[in-house]
Amino acid sequence: MFPVSRSRRPSRSRPSRSRPSRSRPSRSRASRSRPSHDGFAVRALGALLLSAALAGLGCGGGDAAPPVDEGEPTHQSFDRGVLCTPERLLRPETVEEVQAAVRWAAERNLRVKAVSSAASHSENAIICADEGAIQLSLVAMDAIVGIDEEAMQITVEPAAQMGAIGDALHEAGLGVRNTIPLRDLTAAGAIATGAHHTSLRFPSGVHDMVVGLSLVDGRGELQRLEGEEARGAAAHLGRLGVVVAVTFQAEPQFKTRHAITSGSDEGLEDRILAMAREHDYASFSWWPGEGRWVLRQHDIVPADTPGEAYSVGWVSTAGDQRLQAALAHRANRDPEGEGTLCDVQALRAEATELVHEEAGEPVEGQAVGFSHRMFSSTCEGLACPWEHLKIFNPEVAIPVEELPRWMRRVREIVAARPACFPLNGLVIRFSAASESWLGMNAGQDVAYVELHVVRHPDEGAFEHFADVHDELHQMSLLEFEARPHWGKNYGATFLGLDYPALYPEWERFEALRARLDPDGRFENAFFRRALGLEPAPRPPGCAVERDCFCRDDADCGPGLVCRPGAVVEAARVCRPE
């Protein structure tokens, strides 16, 4: 019998909005200690076969129930913008406990949704189990299973953080091509929604390094995907099963040389692709209203190149972020605050970033260091910028050859309705084509274009330039066959899209999903609405939180009307009467 709870069920009142603890669970079981790198006696495939054998024999507890969370059954995003309210929140610590939870849910025809972080780094309800369903928190399953040094592969549990993976590989003289900026993202979560780096010289997604996936399917059985199937399914969206192990392909460790350049944006659209192709990694911030761009470039250099620099990006910019947040939030509360936001943009566009240190000292000019430390850093508590900012950062991928035309359309919109982008401007990154089926870079070279929007600090209120933000985003979707980032965009983005047209291998993914989860055990309201299987609610004012794009004035809230965009007539945006 699966226990209902260890204590009386608490009320379903909304929890306080304090940030969830980021501390790691205790690792009391000796069997789960991290292996040494002296040859790694436990090799990846052997460990997985052993897990499968134990699951088949019912060892380690068989169908015994996993632990039940003692507190309120809720889960939320890192920025507290998404709150999930499942019926039950369970914290399995082994593959067998995951299997038991899924089987228990299947017997009762309940849906299941798994997360691998205490506070998910997704900004929409893709992370949420339905009300009345089961949320699995896999935060205790964070071990490095093993490194196969000959094959240069590492196998990890789902909640292993990308920073820890990089550290473990470095000890073995290895690294990975795509290291994402935040060390705290987990293996299963990063691949699920297509977290990515930036390059036109190779596929830049974390999912592009996957060569093996182990998951518990909708019947509670352990499955293993490898080779082409694993590469295709790596951006799994949480729809194939509960991922319990990921195998990444590594390579010999290397260093990178980082530099920052900037200039006037005159004619930038005609030069940007050539500039991006000159470097192994290239990321642009563009302020079209300010006429400025900044390029952050990394180039691979040999591992014996002098330099031991490391990223402190999340901490070094914290003070600037706090100031920008305070100014932007005050400006959004001021009906005449647009000018202040433009002043903040001007300061941001001209700022000099010192995001690397060496031996505790900031590095000016070029910085050189090992790849896993140059790209990635972390922050704690109030040092994290999201503790001071309410933001949207919708991101989509467009075919890379369309980027110049996209930039010209941006210029047209900003010329017709002048606007400022005070945080990071428009962020432009890249990827070569991927073998993944549902990654944003599936089958084609892409430019990732991302808008960083400082939201109004008060719920139910639009930020300044909201009509421009929404027109830019809808323009990408309507005119450029844009593929949304699965974890970054708000709910309205995903409604009404033709997914088989956007992803040529969509039906291949769906066939695998039907095989692994024939009863839809891992579906949730987010996907049912995105796929048109159930209507998305449209309460009055739904466009303020971007749960909808407006159709009529009621969607915009008091004092606002729904009108066509300034340039893109098919777009619908909210403006003052």
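The values are calculated or read from the model by the stated rules, or taken from the named source; none is laboratory data. Treat the numbers as computed from the prediction; the structure is a model and nothing was measured. A quick note on method: Cβ atoms are made from the backbone with ideal geometry, for glycine too, and the neighbour counts reach across all protein chains shown.
Residue count for region 514-556 satisfying the condition of being part of a loop (DSSP other than H, G, I, E, B) and basic (K, R): 4. The set of residues in region 531-551 that are within 19 Å of P394 (Cα to Cα) and acidic (D, E) comprises E545, D547. Remark: pairs (first residue in region 130-148, of a type in the set (D, E, K, R); second residue assigned to a loop (DSSP other than H, G, I, E, B); Cβ separation under 6 Å; 6+ apart in sequence or on different chains) = D130/R111; D130/N524; E131/T85; D142/E157; D142/A159; D142/A160; D148/R43. Residues in region 469-481: is at least one touching a Phe, Trp or Tyr at 6+ places or on another chain (Cβ under 8 Å), under 27 Å from F78 (Cα atoms) and of a type in the set (S, T, N, Q)? Yes, because at least one residue in region 469-481 is touching a Phe, Trp or Tyr at 6+ places or on another chain (Cβ under 8 Å), under 27 Å from F78 (Cα atoms) and of a type in the set (S, T, N, Q). The C-beta contact set for region 435-460 (first residue touching a residue at least 40 places away in the same chain (Cβ under 8 Å) and closer than 20 Å to G337 by Cα, second residue surrounded by fewer than 24 Cβ atoms within 10 Å (Cβ to Cβ) and β-branched (V, I, T), distance under 7 angstrom, 6+ apart or interchain) comprises H452/I391; H452/V427; V453/I391; V454/I391; R455/I391; G460/V544. Given (1) among the aliphatic types (A, V, I, L, M); (2) touching a Pro at 6+ places or on another chain (Cβ under 7 Å); (3) within 25 Å of R546 (Cβ to Cβ), identify the lone condition not met by L423. It is condition (2) that L423 fails.
Just to be sure, is G360 on the phi > 0 side of the Ramachandran plot and assigned by TED's automatic domain parsing to the domain that holds N489? Yes, satisfied.
All conditions but one from (1) crowded, with 22+ Cβ neighbours inside 10 Å; (2) among the hydrophobic types (A, V, I, L, M, F, W, C); (3) not assigned by TED's automatic domain parsing to the domain that holds A419 apply to V453; the one that does not is (3). Just a yes or no: is a residue in region 211-229 free of Cβ contacts under 8 Å to residues at least 24 places away in the same chain and assigned to a helix (DSSP H, G or I)? For region 211-229, residues free of Cβ contacts under 8 Å to residues at least 24 places away in the same chain and assigned to a helix (DSSP H, G or I): present. Inside region 492-513, residues that are part of a helix (DSSP H, G or I) and either in contact with a strand residue (DSSP E or B) (Cβ under 6 Å, 6 or more places away or on another chain) or hydrophobic (A, V, I, L, M, F, W, C) (or both) make up a count of 9. Among the residues of region 463-491, the ones that are part of a helix (DSSP H, G or I) and either closer than 25 Å to V400 by Cβ or not hydrophobic (A, V, I, L, M, F, W, C) (or both) come to 14 in all. Tally up the residues in region 156-191 that are part of a helix (DSSP H, G or I) and in contact with a helix residue (DSSP H, G or I) (Cβ under 8 Å, 6 or more places away or on another chain), please. Within region 156-191, residues that are part of a helix (DSSP H, G or I) and in contact with a helix residue (DSSP H, G or I) (Cβ under 8 Å, 6 or more places away or on another chain) number 10.
In region 366-379, the residue that is surrounded by the most Cβ atoms within 10 Å (Cβ to Cβ) out of those that are more than 21 Å from A195 (Cα to Cα) and not hydrophobic (A, V, I, L, M, F, W, C) is G369.
Condition first: out of contact with any helix residue (DSSP H, G or I) (no Cβ under 8 Å at 6 or more places or on another chain) and not hydrophobic (A, V, I, L, M, F, W, C). Now tell me which residues in region 412-429 satisfy that. Answer for region 412-429, where residues must be out of contact with any helix residue (DSSP H, G or I) (no Cβ under 8 Å at 6 or more places or on another chain) and not hydrophobic (A, V, I, L, M, F, W, C): E412, P418, R429.
The set of residues in region 525-549 being surrounded by fewer than 19 Cβ atoms within 10 Å (Cβ to Cβ) and not basic (K, R) consists of F527, L531, G532, L533, E534, P535, A536, P537, P539, P540, E545.
The selection criterion, being crowded, with 23+ Cβ neighbours inside 10 Å and charged (D, E, K, R), does not hold for D458. Inside region 479-537, residues that are touching a Ser or Thr at 6+ places or on another chain (Cβ under 8 Å) and of a type outside the set (A, V, I, L, M, F, W, C) make up a count of 4. The numbered conditions (1) outside the structural domain of K113 (by TED's automatic domain parsing); (2) surrounded by fewer than 16 Cβ atoms within 10 Å (Cβ to Cβ); (3) not in a loop (DSSP other than H, G, I, E, B); (4) not acidic (D, E) are all true for C574 except (2).
The one condition from (1) under 23 Å from the mean Cα position of the chain (by Cα); (2) more than 26 Å from V206 (Cβ to Cβ); (3) assigned to a helix (DSSP H, G or I) that H456 does not meet is (3). Looking across G163, G189, G132, G146, one residue alone is over 30 Å from R528 (Cα atoms) and either surrounded by fewer than 21 Cβ atoms within 10 Å (Cβ to Cβ) or out of contact with any Lys or Arg (no Cβ under 6 Å at 6 or more places or on another chain) (or both). It is G163.
For region 169-188, a residue qualifies if it is closer than 28 Å to I126 by Cβ and of a type outside the set (K, R), and the qualifying residues are V176, N178, T179, I180, P181, L182, D184, L185, T186, A187, A188.
Taken together, the residues in region 70-115 that are in a strand (DSSP E or B) and among the aliphatic types (A, V, I, L, M) amount to 6. For region 258-275, a residue qualifies if it is under 19 Å from R411 (Cβ atoms) and surrounded by 12 or more Cβ atoms within 10 Å (Cβ to Cβ), and the qualifying residues are S262, G263, D265, L268, E269, R271, I272, L273, M275.
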